[in-house]
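Taken together, the values in this text are just the output of simple stated rules run on the coordinates, not laboratory data. Please read these numbers as outputs of a predicted model, since none were measured by experiment. Here the Cβ is made from the backbone with ideal geometry for all residues, glycine too, and neighbour counts use every protein chain on show.
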Amino acid sequence: MSMITTSTWVPRGFAAPFPSKYTFDEAEFERIAELAKLQLDDAEDDLKEAQEEADGAAPSEDAASAPGAKAEQINLDDEDLKEYNLDNYDDDEEGDEDDEKVGQGEGMAMFGNIKSLAYYESNKEDPYITLPGGGRDDEDEDREDLQILATDNLLLAAKVEDEMAHLEVYVYEDAADNLYVHHDIMLPAIPLCVEWLDIPVLKAGVDKDSTANFVAIGTMDPDIEIWDLDTIDCMYPNAILGQGAEGAEEKKKKKKKKKKAKANDEYHVDAVLALAANRRHRNLLASASADKTVKLWDLHTAKCAKSYTYHTDKVCSLAWHAAESTVLLSGSYDRTVVAADMRAPEAKAPRWGVESDVENVRWDPHDQNFFFVSTESGIIHYHDIRNAPSTPEATKAVWTLQAHDESVSSFDINPIVPGFLATGSTDKTVKLWNIQPSGPSMVISRNLDVGKVFSAQFAPDPEVAFRLAVAGSRGTAHVWDTSTNAAVRHAFAGRVPEKPEGVEEDRLVGVVDDESSESDDKNEDEDEDGEKDGDSMDEDD
């Protein structure tokens, strides 16, 4: 089984031309040792609690296994132990003659050719090293393979494959119609949201406000991991936002009796469902969780600055206002959308209601007075923030659109081309819409063979404005050049670049996972058959 749960683009110009290899130096060792110590402390606490609980049930067994208990006497004459000759275990097998040989160096033969190391002071003199320049050639070749050009885009895809979770970093070469995996990052749990960051987070030797290429990842775990995308083969994240980053003493104080953790003002206690980086105040990151809270993190300190409780159910989507940079839009399973000023947590925030669970929220990048909401019932709502209702029940949208028969699991508004909307659904289709003053109209509907669509996002750069990245339940990511479609060119005449000669219709670039494609195809076919019979395979939250 393989699926991509979410994805996001990285704008051009932020990735390092030559990403560095992970270096395990003394400072990194100390950092990892501290992280490992926290995990070991947790394990020891769990073991201690388990032993305390078992004291009353089996005292005799506990006494026997206690550290101070007297060791049981072992009978070396036992028939089963005689074959091991434990009485002579520490004696040399070869006798005194071997002792002399050891003194002469012959006994070191067990270590292979170790004697030859003393004969050559330089590797150039060692006859076993036949390619003195080969290592450098390999390094140069690896360096060239890892190179990222200024015209390349990165696409980050959170993938689950055979019970393993990881973030795949794709390079998209538009001119060459090429999409490939550059490197990947192993994750501790199923990833649910990914947010690109342009600021270095707790990176030693780097100015905290400099430009960088990082990523924040939310998973089924309550902690948020932050990784450096310009470093290959990292073992641990640069930072962890949440309880997992606390010191051992602080964690011991809070870890009394093991009960289900309650929502608090310092860290999430349930899955992280959404992340939103503030592009104006670059050190601020907002997170939404299944624990019903929204939290604001200071990336300079990796600490929670403030916690908000605007919703009564899971909070699943976030979006910062581009102009009013302190206003955050949040959508929840409580079927409401809130636009709140993070500077005034006690103030009453305007609230809009929808007919079913919210899936995603987005501000209109071409008119910040409006925002979009997609729902589980397949409807897109378009609201004017200046027309806030007195109660959620009194909500009136500017327009509503039944975009799909099933949940609109993902949608995006083109940041370069006004009125260009893309929607993706669990019905396995991607639809493109032209939004005009009279309302939206569908341009085209396509099944891009990604399974149930979990992510659909336009590229952020003007040079690739019509490229749409789509991914879903089959574990594949495709980049669709929508400008090669005749219906799109007709709908957005004057806003679409002229079609170059030789470009074919419906240009689609993707990476296919050959190992999982056959089984996934069978699973998808079974899903379709089940749905035809009236049995839905969708998971209800």
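Before moving on, here are some points about what is shown:
- Fewest-first ordering of S377, S287 by other beta carbons within 10 Å of each residue's beta carbon gives S377, S287.
- If the chain linking E161 and E266 were pulled fully straight, counting 0.36 nm for each residue of separation and taking away their Cα-Cα distance, it would gain 34.6 nm.
- Distance violations [Cα-Cα > 18 Å] among K431/K452; K314/K431; K159/K452; K21/K203: K314/K431
- Mean separation of Cα contacts under 8 Å, 6 or more apart, over the residue count of region 443-499: relative contact order %: 29 percent
- Relative to the current alpha-carbon distance between E463 and T326, full extension at 0.36 nm per residue lengthens the span by 46.3 nm.
- Taking amide H positions as modeled 1.01 Å from N, with prolines and chain starts lacking one, the residues under 5 Å from E359 and 5 or more places away or on another chain are S374, T375, E376.
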